[in-house]
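To start, the structure under review is shown below, and the notes come after it.
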Amino acid sequence: MIAVSSCLAGIECRYNGTHSSVEKIKKLIDQNKALLICPELLGGFSTPRESAEIVGGTGEDVLDGKARVIEKSGNDVTELYIKGAYKALKIIQEVNIGYVVLKESSPSCGSTMIYSGEFSNTKIAGEGVTASLFKRAGIKVMSEKQFLNTSLF
C-alpha cells in the first residue's frame, strides 16, 4: 500500500479546483493499493483557494520556522500548511505506509521542485512542507514523474 496526493487520482482538490490525474495511480486506487491524502484540505483549506508559495526558503525552512507560506494576496497561511502536513503524517503512520507519491511543485507536496515564492511562475529546487515532514519521518517520497518511471508498483 502506498499513499498518493488526491489530485493525482482525479480528485478536484487543487487550489484552482482541478486535478492532475495520472492513469497508473487511478488504477492503484481501483485495486485498493493506494490511500488518498490531501494535506491542504487536511489543514483546513477549501477548493478552490488562492494560490500560495513558500517565501524565504523551502518546506524544510518552513518546518524550522525560517520561511513562510504566503498566498498571492499576501495572506500568511503557514500554520494551515504545517497543520495539514502533520495530519497527513499521522494518517500515513497509522496505516504504516512507507512510500508516498506527491504532486510536484506544490508548496505542500513538491518533492524536488517548488515555486520560487515570487509568484513569477518560476520553479526552484526544493521540497514542499508535507514532503519535507514525510522525509524527516523516514517515509520515501517521490513525484508523479518519478512514480511513472519506476517499476516498484
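For the reader, a short list of remarks on this structure follows.
- Here segment 10-27 is the region considered, the condition is being open to solvent by 20 Å² or more (accessible area, probe 1.4 Å) and touching a residue at least 24 places away in the same chain (Cβ under 8 Å), and the residue that is farthest from the chain's Cα centre (by Cα) is Lys24.
- One residue from Lys103, Lys66 being closer than 17 Å to Ser143 by Cβ, at pLDDT 95 or above and basic (Lys, Arg): Lys103
- The set of residues from segment 66-97 being free of Cβ contacts under 8 Å to residues at least 40 places away in the same chain and in a helix (DSSP H, G or I) comprises Thr78, Glu79, Lys90, Glu94.
- If you filter segment 22-65 down to residues that are assigned to a strand (DSSP E or B) and of a type outside the set (Gly, Ala, Ser), you find that the one that is nearest to Gly84 (Cα to Cα) is Ile37.
- Candidate set from segment 82-98 (those that are hydrophobic (A, V, I, L, M, F, W, C) and open to solvent by less than 20 Å² (accessible area, probe 1.4 Å)); member that is farthest from the chain's Cα centre (by Cα): Ile97
- Being open to solvent by less than 20 Å² (accessible area, probe 1.4 Å), without any contact (Cβ under 8 Å) to a residue 40 or more places away in the chain and in contact with a Phe, Trp or Tyr (Cβ under 7 Å, 6 or more places away or on another chain) is a property that Ser111 lacks.
The values are calculated or read from the model by the stated rules, or taken from the named source; none is laboratory data. Quick caveat: nothing in here was measured; it's all calculated off a predicted structure. Cβ atoms come from the backbone with ideal geometry, glycine included; neighbour counts cover every protein chain shown. What goes into the accessible areas is simple: the full protein's heavy atoms, side chains included, and nothing from ligands, DNA or RNA. Shrake-Rupley method; radii C 1.70, N 1.55, O 1.52, S 1.80 Å.
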